[in-house]
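Asker: I have a structure I would like to understand better, so I am pasting it below and will then ask my questions one at a time.
The values are calculated or read from the model by the stated rules, or taken from the named source; none is laboratory data. Just so it is clear, the structure is predicted and the values come from calculations on it, not from any experiment. Cβ coordinates were reconstructed from backbone atoms using ideal geometry, including for glycine residues, and neighbour counts include every protein chain displayed. What goes into the accessible areas is simple: the full protein's heavy atoms, side chains included, and nothing from ligands, DNA or RNA. Shrake-Rupley method; radii C 1.70, N 1.55, O 1.52, S 1.80 Å.
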Amino acid sequence: MPQFDMRPVEVSQDVLDGLKALPTATVYSAVRQFGSPFNVCEGLVNLTPGTRLAARARTLRFLPIRADLISERPAGEHSTEYVAMGRCGPGDVLVVDISGVRKDVAAGDVKLLQLAMNKADGLVVDGAIRDLDVMADEGYGLAVYAKHRSFHGNPEYTPAEENVQLQCGGALVRPGDVMVGDNDGVLVVPSWMAEAALEWAIEHEDAENYVKEKIRAEGVPPGKYYPPTAETIAEMHRVRGDNG
């Protein structure tokens, strides 16, 4: 396993595009391979089926409502959620921690118009979301992952902190980490690991495809060649005539 400099980095669009093209299952294996096993946002589902996501996390944390917290919170366009969404642009996704509650929603179509206007990639919510049909009809273009759909507002929680580390479905998310998702779910790739995870995932996705070709060609049970070994990967590179 490589020795990483674990300081956060700004992940390039090329790396994001590469991760978006891969199944989340393969990216999950890569991140586990590099020592980050608790990377899955458990319980979140793709509420915009068919969309894929690989984007830098910009974070927003909701906290339980209390009078002193409400009195300290900026209002209007300076409110915490708008500041958080203002950080989002192309290649970014807003990640929201509402502690998984069913009633409280991150926002609806009016507030999330800011993400659409900024051309952000999506929204990942450890909690609920509403107005998805409106956003689809009006072409917001956001990939949305959440635990629930709801028509409620914010009866118990309120936007409180942005650009902070938080949890999402039990996984740690730090600003700048990469959220990778497809119809299987969504996971976190630490920013400092993203490029190496992409390289590992590409090679192992190629190896799995190579193994499937061998299985089909020989008509043998998958267990003969799966999972791919280091020897199988070396064989694949020899057959392809590359320098892998």
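Asker: Here is a check on your reading of the model: is Pro8 open to solvent by 80 Å² or more (accessible area, probe 1.4 Å), touching a residue at least 12 places away in the same chain (Cβ under 8 Å) and either in a helix (DSSP H, G or I) or within 30 Å of Met135 (Cα to Cα) (or both)?
Answerer: No.
Asker: Considering Asp133, Asp126, Asp109, which residue is touching a residue at least 40 places away in the same chain (Cβ under 8 Å) and charged (D, E, K, R)?
Answerer: Result of the check over Asp133, Asp126, Asp109: Asp126.
Asker: If you check Gly170, Gly181, Gly176, which single one turns out to be open to solvent by 40 Å² or more (accessible area, probe 1.4 Å) and at pLDDT 95 or above? So that I can check it myself, show each step before the final result.
Answerer: Values: Gly181 fails: open to solvent by 40 Å² or more (accessible area, probe 1.4 Å); Gly176 fails: open to solvent by 40 Å² or more (accessible area, probe 1.4 Å).
Among Gly170, Gly181, Gly176, only Gly170 is open to solvent by 40 Å² or more (accessible area, probe 1.4 Å) and at pLDDT 95 or above.
Asker: Suppose the filter is within 22 Å of Gly176 (Cα to Cα), modelled with pLDDT under 95 and either more than 13 Å from the chain's Cα centre (by Cα) or open to solvent by 10 Å² or more (accessible area, probe 1.4 Å) (or both); does Pro37 pass it?
Answerer: Spelling it out, Pro37 is indeed within 22 Å of Gly176 (Cα to Cα), modelled with pLDDT under 95 and either more than 13 Å from the chain's Cα centre (by Cα) or open to solvent by 10 Å² or more (accessible area, probe 1.4 Å) (or both).
Asker: Suppose we keep only residues that are in a helix (DSSP H, G or I), touching a helix residue (DSSP H, G or I) at 6+ places or on another chain (Cβ under 8 Å) and open to solvent by 10 Å² or more (accessible area, probe 1.4 Å) within region 84-120. Which one would you say is nearest to Gly181 (Cα to Cα)?
Answerer: Ala116
Asker: Related question: If you take the residues of region 24-78 that are of a type in the set (Gly, Ala, Ser) and assigned to a strand (DSSP E or B), which of them is farthest from Pro175 (Cα to Cα)?
Answerer: Per the stated criteria, the residue is Ala54.
Asker: Same structure, new question: Among strands (runs of 3 or more DSSP E) lying entirely in region 121-163, which contain 1 or more residues that are small (Gly, Ala, Ser) and surrounded by fewer than 24 Cβ atoms within 10 Å (Cβ to Cβ)? Lay out the reasoning, then the answer.
Answerer: Working: elements: 122-129, 143-149, 157-162.
The qualifying strands (runs of 3 or more DSSP E) are 122-129, 157-162.
Asker: Okay, next question. Restricting to region 198-244, count the residues that are open to solvent by 80 Å² or more (accessible area, probe 1.4 Å) and over 27 Å from Gly181 (Cβ atoms).
Answerer: 11
Asker: Which of (1) surrounded by 16 or more Cβ atoms within 10 Å (Cβ to Cβ); (2) over 22 Å from Asp133 (Cα atoms) does Pro74 not meet, given it meets every other one?
Answerer: Result: Pro74 fails condition (1) only.
Asker: Against the definition (surrounded by 13 or more Cβ atoms within 10 Å (Cβ to Cβ), under 19 Å from Gly127 (Cα atoms), in contact with a Gly (Cβ under 7 Å, 6 or more places away or on another chain) and of a type in the set (D, E, K, R)), how does Glu81 come out, yes or no?
Answerer: no
Asker: Note down all Cβ pairs under 9 Å where the first residue falls in region 199-222 and is part of a loop (DSSP other than H, G, I, E, B), the second is modelled with pLDDT under 95, and they're at least six residues apart or on different chains.
Answerer: Every condition considered, the pairs that remain are Val220/Lys214.
Asker: Quick check on my filter: what residues within region 184-197 are farther than 16 Å from Arg32 by Cβ and either among the acidic types (Asp, Glu) or surrounded by fewer than 17 Cβ atoms within 10 Å (Cβ to Cβ) (or both)?
Answerer: Selection gives Glu195 alone.
Conditions tested, residue by residue: (1) modelled with pLDDT of 95 or more; (2) among the basic types (Lys, Arg).
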site: Leu44; (1), (2): yes, no
site: Arg56; (1), (2): yes, yes
site: Arg102; (1), (2): no, yes
site: Lys111; (1), (2): yes, yes
site: Asp121; (1), (2): yes, no
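Asker: Please state which one of Glu72, Glu77, Glu81 is of a type in the set (Asp, Glu) and in contact with a Pro (Cβ under 7 Å, 6 or more places away or on another chain). Lay out the reasoning, then the answer.
Answerer: Values: Glu72 fails: in contact with a Pro (Cβ under 7 Å, 6 or more places away or on another chain); Glu77 fails: in contact with a Pro (Cβ under 7 Å, 6 or more places away or on another chain).
Just one listed residue meets the conditions, Glu81.
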